[in-house]
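Asks: What follows is a structure written as structure tokens; I'll ask about it next.
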Amino acid sequence: MRILVVGAGATGGYYGGRLVQAGRDVTFLVREKRAESLKKSGLHIQTPDGNFSLKPKLLLASELKETFDVIILTVKGFSLEAVLEEFAPAVGEQTMILPVLNGMRHLEIIQKRFGKHRALGGLCRINATLDKQGQVHQMTPMHDLVYGEVDGQRSERVAKLDDVLQNAGFSARLSEAIVSEMWEKWLFLSSLGGITCLMRGNIGQVARAAGGEEFATGFVKEVLSIVVAGGYQERAHTTAHTLKELTKKESEQTSSMYRDMIQGLPVEADQILGDLVEIALKAGLTTPRVNAAYSHMSVYQESIKK
């Protein structure tokens, strides 16, 4: 199975690198600056279990002529519209597109551009970052990749994809409820991001602050009300887990959005928080904490453009 990984940042670099290490046929679609760096120095990945390096196969959008069996889409949400056209030549009649983006709107965007049958549902859970030298750092052992047909069917094509992704150096799992799991990741991720960014601290610092635990609990409950209005069917154990993790007084957990913010980098404010605000408005919900977090990150986004 020929795999095109769109992006070679922290997420694409890690999962794509693991697949290359496991002997899979992987090509990375990258921008010119990243291509130059990777051609010169290679792709270096540091993990808690050890480090490895490789010389990946690379393509620029202008060089993309052939179709691929699966396209793993790992870019930030704010880059999605642009990259759709860049990798369009790689999409054939049988191509599967596996996005591991945050939020839910990207599914609709991909389906509108390439047809509903092209897109799979997907998510990843990994704490990884890209340093100034372009090296990938996996910060904790967690490296989950979850995928499945949007309708929950165990199709022949997704079963073949599952065979390819198994035993590739990370935790791979075929889900028959991938859309529900995507809603649940959004519940956790947006709550984590909103709490840490708005309060300017990690989860433990917020929970230990006066009124912090109540604030965090209220934030999670607001997000839950929004995703339920958007179509998610709540699973009580997931809600309980989310509330527990995001109110731990000893936790040092932050979000990638928070880490990007303190470095002055662009963030996925619209995809992680803005789309929630839009759903809440349409449903007539009152969500002051989520609204405040989105306004806060919108001000930040404007400030870094100056």
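The values are calculated or read from the model by the stated rules, or taken from the named source; none is laboratory data. Note that the coordinates shown come from a computational prediction; the quantities given were computed from them, not determined experimentally. Areas reflect the complete protein model, heavy atoms only, side chains present, ligands, DNA and RNA absent. Shrake-Rupley method; radii C 1.70, N 1.55, O 1.52, S 1.80 Å.
Asks: Given the rule -39500 (n - 2.57) for each run of at least 4 DSSP H residues, summed and divided by the residues of the chain, what is its mean residue ellipticity at 222 nm, to the nearest 500 deg cm²/dmol?
Replies: Calculated from helices alone, the mean residue ellipticity at 222 nm is -14000 deg cm²/dmol.
Asks: Enter the accessible area per residue of the range 182-306 (Å², integer; probe 1.4 Å; all protein chains in place).
Replies: 47 Å²
Asks: For the range 238-306, what is Rg from Cα atoms divided by 2.2 N^0.38 Å, rounded to two decimals?
Replies: Cα-based Rg divided by the globular estimate yields 1.27.
Asks: Can you run the Rg to Rh ratio on the chain? Use alpha carbon positions and the Kirkwood inverse-distance Rh.
Replies: 0.96
Asks: Tell me which lysines have Cα within less than 22 Å of Lys160's Cα, excluding those fewer than 8 residues away on the same chain?
Replies: Answer for Lys160, where 22 Å is the Cα cut-off: Lys116, listed by chain and number.
Asks: Using only alpha carbons, build the gyration tensor for the range 177-230 and give me the equivalent ellipsoid semi-axes, biggest first, whole Å.
Replies: Whole-Å semi-axes of the equivalent ellipsoid: 23, 11, 8.
Asks: Can you give the Rg to Rh ratio of the range 123-189, both from alpha-carbon atoms, with Rh computed by the Kirkwood formula?
Replies: That ratio equals 1.04.
Asks: Running Debye on the range 84-200 with equal point scatterers at the Cα sites and no solvent, what base-10 log of I(q)/I(0) appears at q = 0.11, 0.19, 0.20 Å⁻¹?
Replies: -0.43, -1.17, -1.24
Asks: Whenever you get a sec, compute what percent of the accessible area on the range 1-69 sits on carbon and sulfur atoms (1.4 Å probe).
Replies: For the range 1-69, the apolar C and S fraction of the accessible surface comes to 46 percent.
Asks: Here's a follow-up. Considering only protein heavy atoms, what per residue accessible area in square angstrom results for the range 1-96 with a 1.4 angstrom probe?
Replies: 46 Å²
Asks: OK, next. Over the range 1-154, what is the relative contact order in whole percent, taking alpha-carbon pairs under 8 Å and six or more residues apart?
Replies: The value is 24 percent.
Asks: Calculate how steeply helix 32-41 sits against the longest principal axis of the alpha-carbon atoms of the chain, using the helix alpha-carbon long axis, and give the answer as 0 to 90 degrees to the nearest 10.
Replies: With rounding to tens, the tilt is 70 degrees.
Asks: A further question on this structure: Which whole-number percentage describes the relative contact order of the chain, with Cα contacts under 8 Å and a sequence gap of 6 or more?
Replies: Computed over the chain, the figure is 15 percent.
Asks: Mind checking which lysines have their Cα closer than 19 Å to the Cα of Lys248? Skip sequence neighbours fewer than 8 apart in that chain.
Replies: Lys185, Lys221
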